[in-house]
Amino acid sequence: MEFIAVLALGILSGQVASILFGGYSLGGLGNGVAGITGALFLGKYLAAIFGASVYLGMFAGGVVGALFILLVFSAGESLISKKKSLF
């Protein structure tokens, strides 16, 4: 049951993070994978730190993790596009 919750909350939180980030997206599958990654790595820690339920921690971890991944990919993409325009 927890595996299904991680998948569902991860995909949902990845899409929410894409909307919060201002429309930058890795596509439906990429946003979902970013959210699942955040939910897996940060979910239980955030639930323990803030004393929330595990599922709320998974959702929050998915959003935070996906926002970080979107930020890194956006920064990398802007650096590559700037280098191409200089030459």
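Can you give me the distance in nm between label points at residue 7 and residue 79, each placed 7 Å from the Cα along the Cα-to-Cβ direction?
Computed distance between label sites residue 7 and residue 79 equals 3.5 nm.
With springs only between Cα atoms under 10 Å, which of 33, 63, 72 fluctuates most in a Gaussian network model of the chain?
The residue with the greatest mean-square fluctuation here is 72.
Given only helices, namely DSSP H runs of n ≥ 4 each adding -39500 (n - 2.57), what is the per-residue ellipticity at 222 nm of the chain, to the nearest 500 deg cm²/dmol?
Computed mean residue ellipticity for the chain: -31000 deg cm²/dmol.
Which residue fluctuates the most in the chain, going by a Gaussian network model with Cα springs under 10 Å, if the choices are 68, 50, 21?
Largest GNM mean-square fluctuation: 50.
Could you list log10 I(q)/I(0) for the chain at q = 0.12, 0.14 Å⁻¹, which the Debye formula gives when each Cα is one point scatterer?
Values, matching the q order: -0.36, -0.46.
Rank 78, 18 by accessible area, highest first, at a 1.4 Å probe radius?
78, 18
The values are calculated or read from the model by the stated rules, or taken from the named source; none is laboratory data. Not measured: the values here are computed from a predicted model. Positions of Cβ are backbone-derived with ideal geometry, glycine not excepted, and every protein chain shown enters the neighbour counts. All accessible areas refer to the heavy atoms of the entire protein, side chains included, with ligands and DNA or RNA removed. Shrake-Rupley method; radii C 1.70, N 1.55, O 1.52, S 1.80 Å.
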